[in-house]
Amino acid sequence: MLIWLVLIPLIAAVLIGLCKAPARPTALLSATLTLALGIWAMVSYDCCTDCWSSIHGMDLQLTLGNALSKVMLLLTILVTFATVLGTNAPKGAEASWYNSALLISAGATGAFLSDNIISFFAFHELALIPTFVMIGLYGRGDRRTTAWRVTLYLGLASMVLLTALLMVGSQAGYSFSSIADYVKSGQQIQNAELIGCLLLVGFGTLISLFPFHSWAAPAYASAPTPVAMMHAGVLKKFGLYGLFMFQPMLNSAFLPWNEILLVLLVCNVIFVGYVTVNQKRLDLMLGNSSVMHMGYIFLAFAALVAAGNPEANAWAIKGGALLMLAHGLSIALLFLLCGQVEKQTGTLEINSLGGLGTKLPRMAFVFGLAGMASVGLPGLANFPGEFMVFFSGFAGSKACFGPVQIATVCCLWGLVIGAVYMLRAYRNIFQGDLSKASDYATELAPHERAANYFLVLTLVVFGFCPQLVLQFFTF
């Protein structure tokens with residue numbers, strides 16, 4: 001059954017691209033079906049596995065038995081539905097526009113549900129292809145240079161990651177479960193420190209860990225709206241998902257690098273945070289904001305590595321998972337609103353906008369909620385995630401005030417930085433005197449408003465009821 005979560009968007013993409021089916025209705029039907037099927041699978045099955053191929057005795061299968069897989073599947077189907085529902089393709093680009101979202105969705109779903117590390121990697125690479133192509137064809141600004149930069153960064157990161165996966169797989173088997181069994185047997189992974197370093201560099205570049213982050217903000221700023229929503233909201237979590245999946249098996253491989261990781265994640269929060277404050281364009285501000293917030297989730301991972309296992313620090317794995325879900329929903333909503341602002345005003349220069357709230361009060365309300373979610377306002381999904389991540393920095397550690405605790409205190413300053421850039425952007429765009437750019441704005445289309453409200457509803461529901469996600473985790 002799980003294979004249909006991958007096949008439905010792929011079939012829809014084929015129908016749109018080759019059979020000339022109407023792009024938006026076909027994509028919306030696909031997104032609706034996967035949303036319904038995915039929720040039904042999570043509710044109906046504690047553990048569900050599809051073995052869809054076997055190569056030389058190596059099973060390639062999809063599984064929904066892991067709690068983190070369920071959270072990532074939920075994020076993927078929610079953001080995919082909102083992306084297809086709320087975006088408007090330029091005339092003549094409908095097929096490429098909606099197929100990009102469908103292919104990223106299929107690849108991300110396959111990666112998050114894969115039990116085998118080779119299919120895990122291959123599905124991610126499938127999802128990356130539309131990112132490069134769409135930035136090069138339909139991106140803003142110097143789109144071709146940006147597309148090549150993204151290709152080089154992520155291509156090299158993928159090669160580093162593949163090297164590490166092959167080194168692990170050749171010793172311990174190519175599924176996550178077989179690696180766990182190998183480690184439990186008492187056998188040592190050879191070259192563990194090197195593998196840990198390669199995994200952190202490979203996954204870290206895909207996640208935009210400092211200093212491998214410089215591709216991300218320009219890519220999101222240049223990318224068409226569906227690609228920005230799907231990549232920043234969903235696909236970027238692939239690297240974090242991979243690190244959390246490997247941690248129980250390879251904690252000793254990550255531990256020697258943990259203090260370096262703590263320094264780098266603080267740079268993500270503080271250095272990139274100040275870079276975000278300095279941005280003059282909304283798209284670049286949101287791109288850098290996304291990079292900044294990855295530091296919080298890396299903090300959860302570092303706290304988990306320091307503790308040694310999820311049982312010793314349940315705050316870390318639960319908080320990291322909840323924050324990945326919340327960040328994916330909130331940044332997808334912000335990029336959707338960014339595309340709507342550009343469509344309504346013709347510009348994303350923050351200082352050229354003003355008074356848009358008088359023309360589009362509903363958009364102003366939704367943007368305010370999305371911005372407050374991003375900075376961790378209580379009652380919205382990011383708050384319980386960030387709350388648990390910060391507590392994880394002080395849980396399960398033998399040191400009273402060691403490196404993890406120092407990094408946690410430093411990262412708290414990021415809350416102030418986030419409030420500064422988000423509130424300033426809201427004031428300049430939606431308040432004050434009506435600018436010439438904002439004067440041309442008209443009411444949003446019903447489907448655009450529906451997508452906005454859908455994502456706002458998810459942020460509110462998971463903000464007030466985080467247990468809907470946390471119940472997947474049992475220790």
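Okay, here's what the table says:
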item: Among the residues listed as Phe462, Phe387, the single one being open to solvent by 50 Å² or more (accessible area, probe 1.4 Å), assigned to a helix (DSSP H, G or I) and in contact (Cβ under 8 Å) with a residue 12 or more places away in the chain; result: Phe387
item: Unmet criterion (only one of (1) over 20 Å from Val266 (Cα atoms); (2) touching a Leu at 6+ places or on another chain (Cβ under 8 Å); (3) assigned to a loop (DSSP other than H, G, I, E, B)) for Gly376; result: (1)
item: In the stretch 366-384, the residues that are hydrophobic (A, V, I, L, M, F, W, C) and open to solvent by 20 Å² or more (accessible area, probe 1.4 Å); result: Leu369, Met372, Val375, Leu377, Phe383
item: Sole exception among (1) in a loop (DSSP other than H, G, I, E, B); (2) among the aliphatic types (A, V, I, L, M); (3) surrounded by fewer than 19 Cβ atoms within 10 Å (Cβ to Cβ) for Leu162, by number; result: (1)
item: Residue among Leu28, Leu78, Leu35 that is modelled with pLDDT of 90 or more, within 23 Å of Ala223 (Cα to Cα) and surrounded by fewer than 21 Cβ atoms within 10 Å (Cβ to Cβ); result: Leu28
item: The lone exception for Ile189 - which of (1) among the hydrophobic types (A, V, I, L, M, F, W, C); (2) modelled with pLDDT of 90 or more; (3) open to solvent by 10 Å² or more (accessible area, probe 1.4 Å); (4) not in a helix (DSSP H, G or I) it fails; result: (2)
item: Which listed residue is out of contact with any Leu (no Cβ under 6 Å at 6 or more places or on another chain), crowded, with 17+ Cβ neighbours inside 10 Å and part of a helix (DSSP H, G or I), from Gly169, Gly155; result: Gly169
item: Within the stretch 102-128, tally of residues that are assigned to a helix (DSSP H, G or I) and closer than 18 Å to Trp4 by Cβ; result: 16
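The values are calculated or read from the model by the stated rules, or taken from the named source; none is laboratory data. Every value quoted in this text rests on a predicted model; they were computed, and no experiment measured them. Positions of Cβ are backbone-derived with ideal geometry, glycine not excepted, and every protein chain shown enters the neighbour counts. Just the protein is used for accessible areas: all its heavy atoms, side chains included, with ligands, DNA and RNA removed. Shrake-Rupley method; radii C 1.70, N 1.55, O 1.52, S 1.80 Å.
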